[in-house]
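Trainee: Once you've had a glance at the structure underneath, I'll fire off some questions.
The values are calculated or read from the model by the stated rules, or taken from the named source; none is laboratory data. All values reported here derive from a predicted model rather than from experimental measurement. Cβ coordinates were reconstructed from backbone atoms using ideal geometry, including for glycine residues, and neighbour counts include every protein chain displayed. To get the accessible areas, we keep the full protein, side chains included, count just its heavy atoms, and leave off ligands, DNA and RNA. Shrake-Rupley method; radii C 1.70, N 1.55, O 1.52, S 1.80 Å.
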Amino acid sequence: MTQTQDVQAIAAAAQRAVLAARAYQGATAPNPPVGCAILDSKGAVLAVAAHQKAGSAHAEALAIAACRAAGTYDQIDTFVVTLEPCNHHGQTAPCTDAILQTPARRVFIGARDPNPRVAGGGTARLRAAGLAVHDWQALGMAGTGIGADALIAPFRKRVLTGRPWITVKQVVDAGGSMIPPAGRKTFARQSSLELAHAMRRRAEVIVTGAGTVLADWPLFTVRHLPDFPDHRRALVVLDRRGRVPTRYLTDAQTRGFDARIATDLAEALHDPRATEVLVEAGPILTDAVLQTALWDQHVLIRVGADADTITTTYREASHVAA
């Protein structure tokens, strides 16, 4: 295999690893989502796996198990992992140990572990054992859309600041209005609804305003794609004037939410246990949040005559790249 073919194989495997991890964003909290692809010496993919839930097997261990099951364990040559393999004992054994037990020669990493207590430990352990360890950027893969840094941005913020990643979702019509036509709760197309519900599925906390509750009595459940089993979210309603009926909170509890009222914006947005918070609110609260320095990501869905346009803005680039 030529060097160009090798880089192409690593890049393709990296994309598959990221896609695998994205499928479990939100399910792995407080752990980050992680994907892993294993290649043979010719660049063929032997297995792709992702961490699925905190406390369960990590992506590397699942991919190795898949190779064992397929009878390709002895062909393992290269690991392509979205996040630096862990080198500490938690609820599972270190991934570095699992990798070192295989015939692997190389490991390619999309992002270093941002946790100051463990950062670099996995890389150092693997290199000390004689494996070649590379960052994806070393292959010129930075800026190619292979988003390992963006994938762990919420985890990075939480471990570095103790605060959750806050996404503001906003849907507007061609004129910039967030108010749907009479008799409707939304005007987005199905593809945009699926994106919005994917963001909702990732969140551990959903924040809305009293006005939205009184106008729409929204469910805030994940309906346009499968939800994660047993994933219980918090629903926080900003209500400074006590307008939200107790019945709404009771109904939300029956839908599986831990529902509560907040009277202060900073209080509503900050949950020290959460990794991701999603703001789904009307124009007043949405604008109020965007006027602060509390948000991290703004996803604007603009509904046009023929298609929806989606624009994502990050408040600080440092949140999505170390």
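Trainee: For the chain, give the magnitude of the charge dipole about the Cα centre (Cβ charges: +1 Lys/Arg, -1 Asp/Glu; no others), in debye to the nearest 20.
Mentor: 420 debye
Trainee: Okay, next question. Once Lys and Arg get +1 and Asp and Glu get -1 on their Cβ, which of 57, 236, 27 lies farthest toward the positive end of the dipole of the chain?
Mentor: So the residue furthest toward the plus end is 236.
Trainee: How big is the range 1-129 by Rg and Dmax over its Cα atoms, in Å?
Mentor: In Å, with Rg to one decimal and Dmax whole: 13.6, 41.
Trainee: With a 1.4 Å probe and all protein chains left in place, how much accessible area per residue does the range 187-267 have, in Å²?
Mentor: 48 Å²
Trainee: I'd like to know how the chain sits against the 2.2 N^0.38 Å rule of thumb: what's its Cα Rg over that expected value?
Mentor: So the chain has a normalised radius of gyration of 1.09.
Trainee: A further question on this structure: Any chance you could run the full-extension gain for residue 173 through residue 292? It's 0.36 nm times the residue separation minus the Cα-Cα distance, nm to one decimal.
Mentor: Working: separation 119, 0.36 × 119 = 42.84 nm, distance 2.38 nm.
Taking 0.36 nm per residue and subtracting the Cα distance, the gain is 40.5 nm.
Trainee: Another one. Limiting things to C-alpha atoms, what are the Rg and the maximum Cα-Cα separation (Dmax) for the range 200-322, in angstroms?
Mentor: When restricted to Cα atoms, the range 200-322 yields Rg and Dmax of 15.1, 45 Å.
Trainee: OK, next. Can you say what percent of the DSSP beta bridges in the chain, counting only those with both residues inside, are antiparallel? Round to 5.
Mentor: 35 percent
Trainee: Moving on. What do you get for Rg/Rh of the range 226-270 when both radii come from the Cα atoms and Rh is the Kirkwood radius? Walk me through the numbers on the way to the answer.
Mentor: On the way: Rg = 11.7 Å, Rh = 11.4 Å.
Ratio of gyration radius to Kirkwood radius: 1.03.
Trainee: Give me the percent of the accessible area of the chain that comes from carbon and sulfur atoms, probe 1.4 Å, all protein chains in place.
Mentor: So the carbon and sulfur contribution to the accessible surface is 52 percent.
Trainee: Which of the helices in the chain, when you take each full DSSP H run, stretch at least 15 Å along the axis at their Cα atoms and have an average Kyte-Doolittle score of 0.5 or higher?
Mentor: In the chain, the long hydrophobic H runs are 59-70.
Trainee: If you don't mind, there's one more thing I want to ask. Which of 47, 20, 174 ends up with the largest GNM mean-square fluctuation for the chain, with Cα atoms connected below 10 Å?
Mentor: 174
Trainee: Using helices alone, I'd like the mean residue ellipticity at 222 nm for the chain: each DSSP H run of four-plus residues gives -39500 (n - 2.57), total over residue count, nearest 500.
Mentor: Taking each H run of at least 4 residues, the total per residue is -9000 deg cm²/dmol.
Trainee: Any idea how far apart residue 260 and residue 4 come out in nm if each label point goes 7 Å out from Cα toward Cβ?
Mentor: 5.9 nm
Trainee: Once R0 is set to 22 Å, what does the formula 1/(1 + (r/R0)^6) return for the Cβ-Cβ distance between residue 225 and residue 253, expressed as a FRET efficiency to the nearest 0.05?
Mentor: Calculated value: 0.40.
Trainee: Run the dipole for the range 178-312 about the Cα centre, Lys and Arg Cβ at +1, Asp and Glu Cβ at -1, nothing else charged, and hand back the magnitude in debye, nearest 20.
Mentor: Computed charge dipole of the range 178-312: roughly 380 debye.
Trainee: Can you tell me the length gained on complete extension of the stretch residue 214 to residue 284, counting 0.36 nm per residue apart and subtracting the Cα distance?
Mentor: Result for the pair: 23.8 nm of gain on full extension.
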